[in-house]
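Just below is one structure, and these are the notes that go with it.
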Amino acid sequence: MILDQIIFSKKTQSKGFEEVRVSEKPLRSVIKALSWRLIGTLDTLVVSYILTGEIALATSIASIDFLTKLVLYFFHERIWNKIKWGK
């Protein structure tokens, strides 16, 4: 299944007798994206509440922000993971 390949894919290079990981697993990118989005969403919630004074509106803004930026961050990480520069 395609989702299994995305989540559990491994890329390694042989270097003598040992294998060296050249790419992190996509699942790691998902966990990193989730943890970062939780921090970012709390920030968005607080700022939205300060600006609007309405918790319902602030929660709506933070929820939309969480979902869209989670997806964007995941693909951003996966693209950067393919770039060899700086590794």
Some residue of region 43-66 being closer than 30 Å to SER23 by Cβ and aliphatic (A, V, I, L, M): no
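This table checks each residue for (1) in contact with a helix residue (DSSP H, G or I) (Cβ under 9 Å, 6 or more places away or on another chain); (2) closer than 30 Å to LYS82 by Cα; (3) assigned to a helix (DSSP H, G or I).
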{"residue": "GLU24", "(1), (2), (3)": "yes, yes, no"}
{"residue": "LEU27", "(1), (2), (3)": "yes, yes, yes"}
{"residue": "VAL30", "(1), (2), (3)": "yes, yes, yes"}
{"residue": "ARG37", "(1), (2), (3)": "yes, yes, yes"}
{"residue": "ILE50", "(1), (2), (3)": "yes, no, yes"}
Among the residues listed as ILE50, ILE83, ILE79, the single one being loosely packed, with under 11 Cβ neighbours inside 10 Å and modelled with pLDDT of 95 or more: ILE50
Among (1) in contact with a helix residue (DSSP H, G or I) (Cβ under 8 Å, 6 or more places away or on another chain); (2) at pLDDT below 90, the one test that ILE61 misses: (2)
Those residues of region 36-64 which are of a type outside the set (D, E, K, R) and under 24 Å from PRO26 (Cα atoms), in sequence order: TRP36, LEU38, ILE39, GLY40, THR41, SER63, ILE64
Where a residue in region 65-77 is closer than 15 Å to ARG28 by Cα and touching a residue at least 24 places away in the same chain (Cβ under 8 Å) and its partner, wherever it lies, is among the aliphatic types (A, V, I, L, M) and assigned to a helix (DSSP H, G or I), with Cβ under 6 Å and at least six apart: LEU70/ALA33; TYR73/ALA33; PHE74/ALA33
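The values are calculated or read from the model by the stated rules, or taken from the named source; none is laboratory data. These numbers come from a predicted model, not from an experiment. Counting neighbours? That spans all protein chains shown, and the Cβs are built from the backbone with ideal geometry, glycine included.
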